[in-house]
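Report on one structure; see the data block that follows.
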Amino acid sequence: MKKIITLILTGLLFMACSTDDTANVSSVTNYPLISLKGSDPIFVPLGGTYADPGCVATENGQPIPFTSTGSGNFRGGSSIDTNIMDEYSQTYTATNKDGFKASAVRRVIVYKTGDLVNSIEGVYTCTISRNGAIPSNAYRDIKYIYIWKNTDGTYEVSDAFGGWYQYGRALGIGYITPGGKINAVNIATNTFTFPGNPLTNTGFGGVANMTEMTVNAATKTIVFTTTWLAPTAYTFVATLTQVQP
């Protein structure tokens, strides 16, 4: 009788140990992967047609469905509108069978290129200095700063700080200084006024003013100055070079 009881107890202990060993074992999930088709960014002339190249979304090597949405980065809008000059984000999102999501973003740039004699519209690279210091590589050839024309005839720059915080400091679009309106009284004589003043940085706040602009049609460049009065006294000088998409 003692031997039988011993065998029963041993079996129960074995079952208990087996249950404990497998209780916290996790299942394996294959995260979704997304790769863009086509170019990034894609340039579309104002009024042109944008054909979305799409993407490839996979889970463990097998295609899965994805969704695609568009939004304007500087001028608002919940879709890509080729009748409005702006930088747009085309965002692709896929979800695996366990509910894990992945996203990839393509830039779509709707542009108009001014001749810098009658119009200063365009897509520009930017080299930005602050308080006269020689800019390091992070602040050179920033891609991109935009100037578009408003319906009231004024122009507007996407970031009056020339991408210093958005790109140079890599803080993103939440740290731009928008609303930099420019009234081109006479482009040929570099006569401009700045009806958008005062401005404020969307991340840090404060008060800033665009103070001057010089256009050189021969070199396809624009230099403009913005002073930040508070919370810290900084002067930003942006040298824009027009891109010819």
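Descriptive notes on the structure:
- Any hit, the stretch 179-193, residues being closer than 16 Å to residue 160 by Cβ, in contact with an Asp or Glu (Cβ under 9 Å, 6 or more places away or on another chain) and among the aromatic types (Phe, Trp, Tyr): yes
- Whether a residue is outside any strand (DSSP E or B) and not basic (Lys, Arg) was assessed, and residue 219 passes this test.
- Only one of 74, 66 that is of a type in the set (Phe, Trp, Tyr), open to solvent by less than 60 Å² (accessible area, probe 1.4 Å) and touching a Ser or Thr at 6+ places or on another chain (Cβ under 8 Å): 74
- In the stretch 177-202, the residue that is farthest from residue 128 (Cα to Cα) out of those that are of a type in the set (Val, Ile, Thr) and in contact (Cβ under 8 Å) with a residue 60 or more places away in the chain is 187.
- Residues considered: 174, 163, 153. Of these, the only one that is under 19 Å from residue 86 (Cα atoms) and crowded, with 17+ Cβ neighbours inside 10 Å is 163.
- When the stretch 186-245 is filtered for residues that are open to solvent by 30 Å² or more (accessible area, probe 1.4 Å) and touching a helix residue (DSSP H, G or I) at 6+ places or on another chain (Cβ under 8 Å), the ones remaining, listed by number, are 202, 203, 204.
- For the stretch 85-102, taking the residues that are part of a strand (DSSP E or B) and of a type in the set (D, E, K, R), the one that is farthest from residue 43 (Cα to Cα) is identified as 101.
- Subset tally (residues that are of a type outside the set (Asp, Glu) and either in contact with a Pro (Cβ under 9 Å, 6 or more places away or on another chain) or open to solvent by 60 Å² or more (accessible area, probe 1.4 Å) (or both)) for the stretch 94-130: 23
- Tallying residues that are among the polar types (S, T, N, Q) and farther than 16 Å from residue 200 by Cβ within the stretch 224-245 yields 6.
- If you go through the stretch 177-210 and keep only what is assigned to a loop (DSSP other than H, G, I, E, B), under 23 Å from residue 153 (Cβ atoms) and not hydroxyl-bearing (Ser, Thr, Tyr), you end up with 178, 179, 187, 188, 190, 194, 195, 196, 197, 198.
- Residues satisfying the stated conditions in the stretch 227-245, i.e. within 19 Å of residue 141 (Cβ to Cβ) and not in a loop (DSSP other than H, G, I, E, B): 236, 237, 238, 239, 240, 241, 242
- You will find that of 88, 92, 139, the residue that is touching a Gly at 6+ places or on another chain (Cβ under 9 Å) and touching a residue at least 40 places away in the same chain (Cβ under 8 Å) is 92 and no other.
The values are calculated or read from the model by the stated rules, or taken from the named source; none is laboratory data. Since the structure is predicted, the reported quantities are computational estimates derived from the model, not experimental observations. No Cβ is skipped: glycine too gets one built from the backbone with ideal geometry, and neighbour counts run over all protein chains shown. Heads up: the accessible areas ignore ligands, DNA and RNA and are worked out on the full protein's heavy atoms, side chains in. Shrake-Rupley method; radii C 1.70, N 1.55, O 1.52, S 1.80 Å.
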